[in-house]
1. Looking at (1) among the small types (Gly, Ala, Ser); (2) in contact with a Leu (Cβ under 8 Å, 6 or more places away or on another chain); (3) buried (at least 21 other Cβ atoms within 10 Å of the Cβ), find the lone condition where residue B:86 falls short.
2. Can you find a residue that is more than 16 Å from ligand 3 (Cβ to nearest atom) and in contact with a Cys (Cβ under 9 Å, 6 or more places away or on another chain) anywhere in the range B:453-465?
3. Tell me which residues, restricted to the range B:370-383, are closer than 14 Å to residue B:468 by Cα and open to solvent by 20 Å² or more (accessible area, probe 1.4 Å).
4. From the list B:370, B:394, B:383, which one is within 16 Å of ligand 2 (Cβ to nearest atom), modelled with pLDDT of 95 or more, more than 30 Å from residue B:89 (Cα to Cα) and among the hydrophobic types (A, V, I, L, M, F, W, C)?
5. Looking at residue B:411, is it out of contact with any helix residue (DSSP H, G or I) (no Cβ under 9 Å at 6 or more places or on another chain), basic (Lys, Arg) and either assigned to a helix (DSSP H, G or I) or in the same structural domain as residue B:425 (by the TED database) (or both)?
6. Looking at B:477, B:486 in this structure, which one is within 16 Å of ligand 1 (Cβ to nearest atom), closer than 27 Å to residue B:389 by Cβ and not assigned by the TED database to the domain that holds residue B:47?
7. Mind listing just one residue for me: the one in the range A:21-42 that is surrounded by fewer than 19 Cβ atoms within 10 Å (Cβ to Cβ) and facing chain B (nearest Cβ under 10 Å) and, of those, nearest to residue B:127 (Cα to Cα)?
8. Within the set of pairs 6+ apart or on separate chains, which have a first residue in the range B:443-462 that is of a type in the set (Lys, Arg), a second that is away from ligand 3 (no atom under 16 Å from the Cβ), and C-beta atoms under 9 Å apart?
Amino acid sequence: MRHIISILMENEAGALSRVAGLFTARGYNIESLSVAPTEDQTLSRMTLVTIGDERVIEQITKQLNKLVDVVKLVDLSEGIHIEREMMMIKVRAEMGMREEIKRLSDIFRGKIIDVTDTSYVVEMTGDSSKLDSFVRAIPEELIIEVVRTGASGISRGPKALTL
Amino acid sequence: MELSGAQIVVQSLKDEGVEHVFGYPGGSVLHIYDAIFQQEDVRHVLVRHEQGATHAADGYARATGKPGVVLVTSGPGATNAVTGIATAHLDSIPMVVITGQVPSPLIGSDAFQEVDTIGITRPCVKHNFLVKRVEDLAETMKKAFHIANTGRPGPVVVDIPKDVTDPNIKVPYEYPSKVKMRSYSPVEKGHLGQIKKAVELMMGAKRPVIYSGGGVVIGDASAELTELVQKTGFPITNTLMGLGAYPGTDNQNIGMLGMHGTYEANMAMHETDVLVAIGARFDDRVTGKIAEFCPHAKIIHIDVDPASISKNVRIDIPIVGQVKSVLNDMLRILTEREILADADALDAWWKQIESWRAVKCLEYPKSDEVIKPQFAVDTLHKVTDGGLYLTSDVGQHQMFAAQYYPFDKPRRWVNSGGLGTMGFGLPAAIGVQMAHPDATVACITGEASILMCIQELATCKQYNLPLKIILLNNGYMGMVRQWQEMFYEGRYSHSYVDALPDFVELAESFGHVGMRIDKPGELAAGFEEAFSRKDELVFIDVVVDPSENVYPMIEAGKGHHQMHLSPQQATERELA
Ligand SMILES: Cc1cc2nc3c(=O)[nH]c(=O)nc-3n(C[C@H](O)[C@H](O)[C@H](O)COP(=O)(O)OP(=O)(O)OC[C@H]3O[C@@H](n4cnc5c(N)ncnc54)[C@H](O)[C@@H]3O)c2cc1C
Ligand SMILES: Cc1ncc(C[n+]2csc(CCOP(=O)(O)OP(=O)(O)O)c2C)c(N)n1
Ligand SMILES: [Mg+2]
């Protein structure tokens, strides 16, 4: 099962490598990882997407909690939550295809943020599966480059992962 | 008070109550060594290799419960310390390791003796710190000790660039009396509801077993464990790390369990209906094949580390907390509620256990010609009345010691279980002797293991440490040879220790007493004589049977009921 784990950690040099190191040392999967400081500069917020059965996820959350730099964490997949990822995708947009790509991008609520005679850059946000669908919808030979941020997530409702 | 970084390091050790630092100097710690030179409260013990420093500090910690302290230089000093840090990490031993680092402006430039100590040690420490400003030093030291010695203990590395200890830069010093870390707050007390449930399940058991481990030693809960075992009348088995937490010579103790555990302990594990795991971590050397582990049991697990629970084996009633506090709660509930065990069932269970015990799995062939290693340990136990602090290296001799030298007190048996580090025994004994100058401290070792840290004999000379080194010399890496005999059709690939030194002369050349014993009849007298030399280190080269193997043995990946009891009975012994 795919899980989104949201982590509040000390904004210390090395904190990120402790998390990454834990995953390689114990053989857990990381599908994506995104991290940035929060409104409180001493704290970073990390969103980590991983795949594992119930037992593995239980170990992952316990081992993460054990890291001295980790202040709090929550497995967002346990409740209702919102997941967003941003993608910029550069596609070949020549004569016949320009309209088609624009149309596709509109359907997915993407924005074209760079235009040349032969290419577009489309910006899109959504949950990861939506971005996957868009990538699949574009003919493969037209894709030049794909850049994705990895998912970040937040729970629905007034509850929050804060101190 | 205004102090330099170097003085702050030393002063904070004083303020922590540290009496011994095990270390080895070098460029990036010279400021600190200069500060050490100018005071007398913190005693520095000069080892001969940084691995020795870490094992000595580790031995000190195991024998006292106080964190061991290490001081080494950057680069090779730090990398040499890594084996000892990893050894302490796997056995949850509190340790603070101070490593010098190249000056901050040079970090990342491949400077002389620069390694990324934080990166190298990250996977084998509980936590590590790079101190960037002298103003942060005192607080970081405080945090290091706090983290090392609370919750599930472990080693903490404090990496200090040389400019941070500059003697010319002084800052106000105050050692914090407390630390508060929002990201670190280990659990103390166990959940009362869970503890009550556990007591009910335990007391309703028909075939209970208490399985206790290193956590009871680490958590200083030997008295509470002993009370629980005696109050309930349940059988108890210890892991290799838990030996001594409950008296080894008591009848309720059914011996060590696991790969080289007793027949009765492993059979009891296989048949139990309620297993009470206390400060033990279900290591693969203990569980064997997980699918066949305790097939009939509901399992209670007391552990301070939530990540230990349900890691390898599914737990029915987890209790997260300090073992001492949880056991006290259990004992109180037992007394208040006057819950009694099912006496008839327990009686029948003990009869069953006694029938397994009657197999006498630790019996070994007697010989008048060669010294059997088991006989050597047996004799050692008799001669020393079971009163030793005994450190061990790794191999067959370690298992023989665990099987034939029962410990009645905790912190007496000091060995590397998790990492299984050859070379641990001698430096660890140095740490134990430093902690307990008046105690009789011995190290049991093999001829391969002892050579891994033999240089520490010089340290013993310098500090007049009257250790007794008992070398069970079988001329082989016995434990390796045993596996090759059993699983590789006797192809003894590189397990023969060729070109051994003369250990008697070797010991003498370091200024110690050397002895050789090769006849069973001379063993007891030889040991008597060695232990009567109270002020000297005696190195006893005991020439033992080169072909002896450790039994019982459960092959890796087999179940508890599938033991080899002896070479003759090298077949599966299924349940009757
Ligand atoms: C050659 C060789 C052969 C071996 N054969 C065997 C064998 O036959 N049998 C055997 O048992 N071992 C054997 N071992 C050792 C084995 O590898 C493990 O080291 C050992 O089994 C682990 O012991 P433990 O479960 O007591 O855990 P430890 O490593 O001692 O861990 C302690 C546990 O207690 C917890 N804890 C720590 N402090 C506290 C506290 N204050 N309160 C509560 N909980 C706490 C920790 O979180 C941890 O889970 C062998 C090792 C070697 C080198
Ligand atoms: C540093 C290290 N290297 C290798 C091993 C693997 N190993 C385990 S036991 C052993 C042999 C030990 O031989 P010896 O010290 O003579 O003890 P014996 O088994 O003969 O009693 C070896 C090589 C180890 N545990 N540690
Ligand atoms: Mg040997």
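The values are calculated or read from the model by the stated rules, or taken from the named source; none is laboratory data. Quick caveat: nothing in here was measured; it's all calculated off a predicted structure. Positions of Cβ are generated from backbone atoms using ideal geometry, with glycine treated the same way; all protein chains shown enter the neighbour counts. The protein model used for the area step is the full one, side chains on, heavy atoms only, and it has no ligands, DNA or RNA in it. Shrake-Rupley method; radii C 1.70, N 1.55, O 1.52, S 1.80 Å.
1. The single condition residue B:86 does not satisfy is (3).
2. Step one: filter the range B:453-465 for residues more than 16 Å from ligand 3 (Cβ to nearest atom), giving B:455-465.
Imposing the further condition that a residue be in contact with a Cys (Cβ under 9 Å, 6 or more places away or on another chain) reduces the set to none.
No, the range B:453-465 has no match at all.
3. B:381, B:383
4. Residue meeting the stated conditions: B:370.
5. no
6. Values: B:486 fails: closer than 27 Å to residue B:389 by Cβ.
Answer to the check: B:477.
7. A:21
8. B:461/B:510; B:461/B:511; B:461/B:512; B:461/B:537
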